[in-house]
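The values are calculated or read from the model by the stated rules, or taken from the named source; none is laboratory data. Note that the structure is predicted; figures quoted are calculated from it, not measured. Virtual Cβ from ideal backbone geometry, glycine too; neighbours counted across all protein chains shown.
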Number of protein chains: 2
Amino acid sequence: MHVEQLKINYKTLDEFKKFRENGLEELAMHEELHSKLIENLNLSPFYGIYDDGKLVARMSLYKMDAKYDRYFDPPQDHHELWKLEVLPGYKGKGYGSALVRYAQSLGLPIKTNVRFGAQDFFIKLGFSPVKYDPIRDRGENPYIWQP
Amino acid sequence: MHVEQLKINYKTLDEFKKFRENGLEELAMHEELHSKLIENLNLSPFYGIYDDGKLVARMSLYKMDAKYDRYFDPPQDHHELWKLEVLPGYKGKGYGSALVRYAQSLGLPIKTNVRFGAQDFFIKLGFSPVKYDPIRDRGENPYIWQP
């Protein structure tokens with residue numbers, strides 16, 4: 001099971017359409033690509049796993065500078081993990097945990113927003129819930145992991 | 001169709017269990033209630049609609065001070081709307097739009113994070129997508145509305 005950083009190109013953006021969490025971030029990538037602000041071969045913040053040439057799982061892993069950190073004390077450089085998603089038909093095969101373990105292997109603390117039903121998945125991988133703060137968390141369910 | 005602000009009590013928290021987006025915010029309310037930090041009759045940031053005594057739709061509407069605003073220019077007091085959800089079996093009857101219109105009737109600008117599939121719903125209610133900023137938006141799909 002090989003995790004790779006996804007290139008920003010039309011093929012990748014086309015594969016993204018199969019995923020549920022397809023929104024303004026993908027639209028912005030499409031617009032940048034269209035307006036040639038970025039090169040075809042540039043790397044995106046997305047990592048994925050291909051099965052037989054088809055993207056079947058992905059996550060976005062964005063490096064946040066300590067100055068934007070609102071979750072660790074003291075503030076530190078960390079990764080924010082979002083849009084972890086495995087396509088229907090490929091769930092339960094370890095693709096999701098392979099992606100999270102890859103993120104952990106990069107050595108920085110991680111913050112993610114856990115959807116209802118995925119708490120146990122993240123707890124097994126060593127994440128813990130934070131104490132909820134409405135101004136900061138705005139309805140999210142932030143979980144953090146430290147190396 | 002009557003929208004009302006929900007009280008923080010065990011009955012409300014029990015009704016919340018039927019909703020998908022049940023996470024750290026509800027847990028924090030439960031802990032506060034349990035430790036008597038808040039009174040039984042205090043009001044929550046949640047608004048809902050009852051049908052025959054059963055909570056069938058809800059949203060959280062949190063007032064953000066201008067100093068926490070990252071979406072409007074110039075920064076202003078606004079409402080953040082999250083956890084808008086209608087129970088299965090009650091969708092398509094106008095409960096969701098009744099809640100959003102109630103939020104609009106309060107007169108402050110609104111920011112929300114729109115899930116995939118709900119874009120048209122919010123656009124019809126006058127919301128527009130923002131220009132995506134990864135540091136600020138962190139994978140979300142922010143839409144805003146101004147009175």
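Go through region B:26-60 residue by residue and tally those that are within 14 Å of another protein chain (Cβ to nearest Cβ) and touching a residue at least 40 places away in the same chain (Cβ under 8 Å).
Number of matching residues: 4.
Based on what the data block shows, is A:S105 closer than 14 Å to A:Q146 by Cα and out of contact with any Pro (no Cβ under 7 Å at 6 or more places or on another chain)?
Criteria met by A:S105.
Please enumerate the residues belonging to region A:12-39 that are within 19 Å of the chain's Cα centre (by Cα) and assigned to a helix (DSSP H, G or I).
Taking region A:12-39 as the starting set, the residues that turn out to be within 19 Å of the chain's Cα centre (by Cα) are A:12-30.
Passing the criteria: A:T12, A:L13, A:D14, A:E15, A:F16, A:L24, A:E25, A:E26, A:L27, A:A28, A:M29, A:H30.
Taking into account only those residues within region A:106-117 that are in contact (Cβ under 8 Å) with a residue 24 or more places away in the chain and exposed (fewer than 15 other Cβ atoms within 10 Å of the Cβ), which is nearest to the other protein chains (Cβ to nearest Cβ)?
Within region A:106-117, the subset in contact (Cβ under 8 Å) with a residue 24 or more places away in the chain is A:106-116.
Next, from what is left, pick out any that are exposed (fewer than 15 other Cβ atoms within 10 Å of the Cβ): A:106-107, A:116.
On the way: A:L106: 17, A:G107: 21, A:F116: 6 Å.
Among residues in region A:106-117 that are in contact (Cβ under 8 Å) with a residue 24 or more places away in the chain and exposed (fewer than 15 other Cβ atoms within 10 Å of the Cβ), the one nearest to the other protein chains (Cβ to nearest Cβ) is A:F116.
Would you tally the residues in region B:64-97 being more than 10 Å from chain A (Cβ to nearest Cβ) and in contact with a His (Cβ under 9 Å, 6 or more places away or on another chain)?
Total meeting the criteria: 4.
So in region A:90-105, with the set limited to residues that are assigned to a loop (DSSP other than H, G, I, E, B) and without any contact (Cβ under 8 Å) to a residue 12 or more places away in the chain, which one is surrounded by the fewest Cβ atoms within 10 Å (Cβ to Cβ)?
My answer is A:G92.
Look through B:Y50, B:Y71, B:Y90 and report the one residue that is under 18 Å from the mean Cα position of the chain (by Cα), modelled with pLDDT of 95 or more and farther than 24 Å from B:F116 by Cβ.
Only one candidate qualifies: B:Y50.
One residue is enough: does region B:137-147 have a residue meeting the conditions more than 13 Å from chain A (Cβ to nearest Cβ) and in a strand (DSSP E or B)?
Taking region B:137-147 and keeping what is more than 13 Å from chain A (Cβ to nearest Cβ), we get B:145-147.
The next check asks that each one be in a strand (DSSP E or B); those that pass are B:145.
Within region B:137-147, one or more residues are more than 13 Å from chain A (Cβ to nearest Cβ) and in a strand (DSSP E or B).
Across region B:118-136, which residue is nearest to the other protein chains (Cβ to nearest Cβ) among those that are crowded, with 19+ Cβ neighbours inside 10 Å and part of a loop (DSSP other than H, G, I, E, B)?
Checking each candidate, the answer is B:Y132.
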